[in-house]
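The values are calculated or read from the model by the stated rules, or taken from the named source; none is laboratory data. None of the values given here were measured: they were computed from a predicted structure. Note: ideal-geometry Cβ built from the backbone for every residue, glycine included; neighbour counts use all protein chains shown.
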Amino acid sequence: MAQFKTKFIQFLKLLFPSSGTELLVLLFFLVVYGYLGSFIAIHYKIIFDSRIPWDAYFSFDNKSIVMTGGSFERHPLSYYFFNWIRELALLFSDGKMNGNFRFILAWFSNIAVSLSILQVFKYLKNIIRLPLILSLLLILFFGTFSTTILLSFTPENFTYTLFLLTLFNHYSAIKLKNEKKIPALVLALSGITIGGLTVTNIAKVFIPVAFEKGLFKSWKKFGNAVIRVIFAVICFVLLYLNRIDFKYQNIFSKTNEQYEKFSNVNSTPTWDMILSYFFGGNILFSDFIIRDKHNMMGYHYKGLIMSVYSSWIPYIFIAVLLILITWSYYKNFKNKLAQVLMISFLFDIVIHCIMRFGLHTSYIYGGHFVFVYPLLLGWLFYSYKESPKMLSFLTVVVSILFVYVLTNNYLRMTEFFWFLNKYY
């Protein structure tokens, strides 16, 4: 019992602020995102409208996700998770799907994203051990990304995936840094929650296991790791099959159907979709396009999507950021914690950029990987901790990128509010 109590306290310290600075960081983002989400929820219907199942803004499926958790082949266990979210929101709104219902949904999203940013801050401060000023710069940069702004008020799988992935990456980094293995129960729980919200992400849970100390030098350690992974996979598979009444044939047919639907869009050159949507759209809003939509039942509405960049400046921004990330990976190639982050990121690059799944709307998938940017930038700063001139140079470059993102995304959000005022 005493051991369980100790583990529980350690988990709370991992999850929530454990210092005054961490508390201020969490409160800052709760207030900023909370004000934004509350205003949108109270004055507009776009967060949840029972007539609009999908694509009201940037291809998010708000109503569909809240009511069903999404398609079982991509989000196998999110049905159960969003049942709890929906019922809690209905409890606070007296059973009505009104402004109060939207307000609670927005605050759930706000809390999840703010805690995600806190996990990134903890990683920068406690794992990489950056100076406070650099950690604050990187989380402010991260906090102005288009993905974190949108997910802070959007009830979606990606919102909670962002939180779970940042939490797991922080936890696994602590374990690897202390040269300890990740317990079987933690692997299983992480696989169920992360993979349950988006099935492909379950692979990311097992990446840190490959970097445990002495894994490939001891048959005993390797066998133990294999058993832990198999145990986690079995738990996940059994719950997945139970969700679909063990009709596993549906998984293959539906998955193939989804792949054909979301991977055969050729209206824009592939290179531009990769830069504008996958690498850029998750960070820097591009131009917006208004489209006519309908809900298959006679109701017509307006949808907002992103187009590719129309100016050369965003492309320069993306190029500079990717150079910094590649530079960080090169400098920290022998660092197992940086390897975990990059391999996880490469996994998404393969799915969306090479396999082209959802590439034309990949700006909505940022919750799966966008946190990698501030963390790898943190490792880049770390690699030059003994070089004041290089640290100053990197600080200036990231500060310029931050100011540009802040300015661009603020202006784009004013356009978003014009859209809300006109149609919602």
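Output the number of the condition that residue 121 fails; it satisfies all remaining conditions of (1) farther than 19 Å from residue 28 by Cβ; (2) crowded, with 24+ Cβ neighbours inside 10 Å.
Unmet for residue 121, out of (1) farther than 19 Å from residue 28 by Cβ; (2) crowded, with 24+ Cβ neighbours inside 10 Å: (1).
This table checks each residue for (1) farther than 30 Å from residue 242 by Cα; (2) outside any loop (DSSP other than H, G, I, E, B); (3) not hydrophobic (A, V, I, L, M, F, W, C).
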| position | (1), (2), (3) |
| --- | --- |
| 126 | yes, yes, yes |
| 133 | yes, yes, no |
| 161 | no, yes, yes |
| 168 | no, yes, no |
| 186 | no, yes, no |
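Can you tell me which residues in region 339-365 are under 15 Å from residue 318 (Cβ atoms) and either of a type in the set (S, T, N, Q) or modelled with pLDDT of 95 or more (or both)?
Hits for region 339-365 are 345, 349, 362.
Could you pull out every one of the helices (runs of 4 or more DSSP H) wholly within region 1-106 that has 1 or more residues that are modelled with pLDDT of 90 or more and either of a type in the set (S, T, N, Q) or closer than 25 Å to residue 415 by Cα (or both)?
Per the criteria, 20-43, 62-68, 78-92.
Hey, among 105, 115, which residue is among the aliphatic types (A, V, I, L, M), surrounded by fewer than 23 Cβ atoms within 10 Å (Cβ to Cβ) and in contact (Cβ under 8 Å) with a residue 60 or more places away in the chain?
Numbers: 105 fails: surrounded by fewer than 23 Cβ atoms within 10 Å (Cβ to Cβ).
It is 115.
Output the number of residues of region 194-210 satisfying the condition of being part of a helix (DSSP H, G or I), surrounded by 22 or more Cβ atoms within 10 Å (Cβ to Cβ) and polar (S, T, N, Q).
Selection size over region 194-210: 1.
Just need a number here: residues in region 157-181 that are of a type in the set (Ser, Thr, Tyr) and without any contact (Cβ under 8 Å) to a residue 12 or more places away in the chain. Walk me through how you get there before you give the answer.
Start the filter on region 157-181 by keeping residues that are of a type in the set (Ser, Thr, Tyr), which leaves 159-161, 166, 171-172.
Among the residues that remain, those that are also without any contact (Cβ under 8 Å) to a residue 12 or more places away in the chain are: none.
Of the residues in that region, 0 qualify.
Hey, among 394, 406, which residue is over 25 Å from residue 340 (Cα atoms) and at pLDDT 95 or above?
406
If the requirement is being among the small types (Gly, Ala, Ser) and over 19 Å from residue 12 (Cβ atoms), which of these qualifies: 172, 146?
One residue alone meets the criteria, 146.
Working only within region 377-424, note down all residues that are surrounded by 14 or more Cβ atoms within 10 Å (Cβ to Cβ), among the hydroxyl-bearing types (Ser, Thr, Tyr), part of a helix (DSSP H, G or I) and over 26 Å from the mean Cα position of the chain (by Cα).
423
Please go through (1) surrounded by 19 or more Cβ atoms within 10 Å (Cβ to Cβ); (2) in a helix (DSSP H, G or I) for residue 370 and return the number of the only condition it doesn't satisfy.
In the conditions (1) surrounded by 19 or more Cβ atoms within 10 Å (Cβ to Cβ); (2) in a helix (DSSP H, G or I), residue 370 misses (2) alone.
Please list, ordered by first then second residue, the pairs with beta carbon atoms under 6 Å, 6 or more apart or interchain, first in region 50-79 and over 19 Å from residue 421 (Cα atoms) and surrounded by fewer than 22 Cβ atoms within 10 Å (Cβ to Cβ), second among the basic types (Lys, Arg) and modelled with pLDDT of 90 or more.
Pairs that qualify, where the first residue is over 19 Å from residue 421 (Cα atoms) and surrounded by fewer than 22 Cβ atoms within 10 Å (Cβ to Cβ) and the partner is among the basic types (Lys, Arg) and modelled with pLDDT of 90 or more, are 53/63.
Quick grid of which residues meet (1) polar (S, T, N, Q); (2) without any contact (Cβ under 8 Å) to a residue 24 or more places away in the chain:
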residue: 332; (1), (2): yes, no
residue: 338; (1), (2): no, no
residue: 344; (1), (2): yes, no
residue: 356; (1), (2): no, no
residue: 361; (1), (2): yes, no
residue: 368; (1), (2): no, no
residue: 373; (1), (2): no, no
residue: 386; (1), (2): no, yes
residue: 407; (1), (2): yes, yes
